[in-house]
1. Once you've got the Cα coordinates, tell me which of Lys266/Lys447; Lys74/Lys446; Lys33/Lys128 are over 28 Å apart.
2. What list of ³J(HN,Hα) couplings, whole Hz, do you get for the stretch 191-207 from phi and the Karplus terms 6.51, -1.76, 1.60, once you set θ to phi - 60° and write x for glycine and proline?
3. Compute the distance from the alpha-carbon center of the stretch 58-107 to that of the stretch 109-142, in whole Å.
4. Can you tell me what share of the DSSP beta bridges in the stretch 2-299 is antiparallel? A percent to the nearest 5 is fine.
5. What value does the stretch 309-454 have for Rg/Rh, both radii from Cα atoms and Rh as Kirkwood defines it?
6. Of the beta bridges DSSP finds with both residues in the stretch 18-137, what % are antiparallel, to the nearest 5?
7. Using every alpha carbon pair in the chain, what percent of pairs falls into each 10 Å bin from 0 up to the bin containing the largest distance?
8. Quick one: if you stick a label point 7 Å off each Cα along the C-beta vector at Ala146 and Lys2, how many nm between them?
Amino acid sequence: MKKLRFYFALWVAKAVRLAMRLLGRNASYLPGKLAVKLCPDFLAHIIPPKTVIAVTGTNGKTTVSNLLTSLLRKNGYTVANNALGSNIQGGVVAALLEHATLSGRVRTDAAVLEVDERSSLLVYGDLKPNYLVCTNVMRDSIKRNAHPGFIRYLLDKAIPAGTKLILNADDLICAELAPQCADRTYFGIQAEAPTGAPDLEGLDLVYCPHCGGKLEAEYLRYDHIGRMRCPSCGNASPAPDFLVTEICREAGTVTITQDGQPQTYKLLNDNIVNIYNQCCVVAVLSRLGLSPEKIAAGLDTVEIVKSRYDHVESGGLKITMQSAKGQNPDACARSFQYVADQPGENKAVFFLIDDKGDSQGSSENPCWVYDCDYSPLAHPSISQLVFSGPRCLDQQLRALIAGVPQDKIALWPSFQGGGHLVDTEKCRDIYILYDVYLDKEALSVKKTLLEKEAGK
Ligand SMILES: [Zn+2]
């Protein structure tokens, strides 16, 4: 009876998918949602590919799953993937459905599934991933994700004991996930280690998860990402199996050492968060059996997806576009820090970081801006900040509290337009930081700036 229900759900969902495709509609979520509605344990019945890789974590999961998918495809794998759909249960089901036969067998060699942390219990209860990648566990939207301790609790509860884990060694919350899993691989960065004794106050991790003693950090790169130890019980960040030992920004290369063997790869992006993402991808592919040479050859041909990072230059005007997920205080703070760290003077930053998705069908919650570190925006190399969107006054207030002088701030109360406010006479180095839901608006600002430059 159960099986009949599954087949019914499978066939109906596949028919709906086909109809939607014929009508030119995006079928990357709804057929999956329908399948689960008709058969709640749909994932328990579908026959998954031999290799199922789940990618989760607060920041970086989309970048990592996109890179894994394209590198596996370049190496001859067929891959089911939810890159175009959603990362909650319906999106995961839709991605598998797309490649399933009428008997419910997914015909690809592998599935790379980005899974939202909060969907863990709904997904891993029925679909046991062979590998689970966790990029990091950090503060996220308070409204959606509560706090990192809660997310860790969900993941611990959901991850099946037989799953092989690939974890960030430099994130002690992430590194200790799912103690029921014995097969654990760690990645981390040793190169460019910061100096100085950092204060843990206000971070996502202050006290030892084992004994409750106050942790000490050898160094921190951002938030609680770095090397920590507990003086009371000796608990410490684990030694990485895949370690970034050298970052050469000029040559555009990164060296990752495994078992004492260094291998140099093309550096996909020099933002530290993306170096973690790249090291993570190398670790996963190595665990799947790909040689360092094959991984290097693959990396030579890929880029971080354009929607997440883009750079253009026109007549001496430099425009860098970078996604900065609204409501996600750490992702935004990382983007702010990245802008501050870049060489150059008289930078302008255009902000499209209100969460447009959040304000639809839900109550707005701007409190995340106080959970986010705006202090990098007070860097003297930044000469102008343009906050756009209906919450631009909240953004301005937060920037003022962080020490940004009022006369550097311009406001534009809409998501549409505002590019004309950027002082391109003074600022020739412009950063557009935008929420994932505001990519079209960000492109339109870029277009305005380029047209202004061409017409001057
Ligand atoms: Zn301890």
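1. Listed pairs above 28 Å: Lys266/Lys447; Lys74/Lys446.
2. Here the 3J(HN,Hα) series is 4, 6, 5, x, 10, x, 8, x, 8, 8, 3, x, 7, 6, 9, 10, 10 Hz.
3. Cα centroid to Cα centroid, the span is 12 Å.
4. The antiparallel proportion sits near 45 percent.
5. My calculation of the ratio gives 0.93.
6. 5
7. In whole percents, the pair-distance histogram is 4, 20, 29, 27, 16, 4, 0, 0.
8. Here the modelled spin labels are 2.9 nm apart.
The numbers here are math on the coordinates, done by the rules we state, and not lab data. Computed from a prediction, not measured in an experiment: that's the story for all the values here. Cβ atoms come from the backbone with ideal geometry, glycine included; neighbour counts cover every protein chain shown.
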